[in-house]
Amino acid sequence: MASPFMKKSVRRDAWGTMSSTFWVVLLLSGLLILYCGQLAAGTCEIVTLDRDSSQPRRTIARQTARCACRKGQIAGTTRASPACVEAHIVRNRQWCEMMPCLDDEGCDLLVNRSGWTCAQPSGRVKTTTVS
């Protein structure tokens, strides 16, 4: 017949194993969260996106992106998505050089170089201004 003391020691061993497993899982989870919070060099992600459709036939969209650009690059737009682009493009306000429009759209600079327009073949025009 087994004594009650044996059961307690078995439980204590099981708790010790569960405890070490718990700490390993906790450590790996923390490392995964830290790793996933970092962006790879040369990439961007959209952090916020706000749309205002209160005016007829007009939608105003504002987005904020987080980028991890390489040396000599800065956050910009390529093919209608946030991307790292060469800094001289932004410095010289030559927006169309970063190819901000989709493949079937035409890019034109605004007169004061404060942004660009992307014209679709259907005639729809998207205007982007830089603040």
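The residues neighbouring residue 61, those whose beta-carbon lies less than 10 Å from its own, together hold a net charge of +1 under the Lys/Arg +1, Asp/Glu -1 convention. Going 7 Å from the Cα of residue 131 in the Cα-to-Cβ direction, what parts of segment 63-89 have a backbone nitrogen less than 14 Å from that spot? What the label zone holds, given the 14 Å backbone N cut-off, is 63-65.
Once the Cα-Cα distance is subtracted from the 0.36 nm per residue extended length, the residue 94 to residue 25 segment shows a gain of 19.8 nm.
With K and R counted +1 and D and E -1, the other residues having a Cβ less than 9 Å from that of residue 80 yield a net charge of +1. Compared with the alpha-carbon gap, the fully stretched path from residue 79 to residue 55 is longer by 6.0 nm at 0.36 nm per residue.
Each reported figure results from applying straightforward, stated rules to the coordinates on display, with no laboratory input. Everything quoted here is computed from the prediction, not taken from an experiment. Methodologically, a virtual Cβ is constructed for each residue, glycine included, from the backbone with ideal geometry; neighbour enumeration extends over all protein chains shown.
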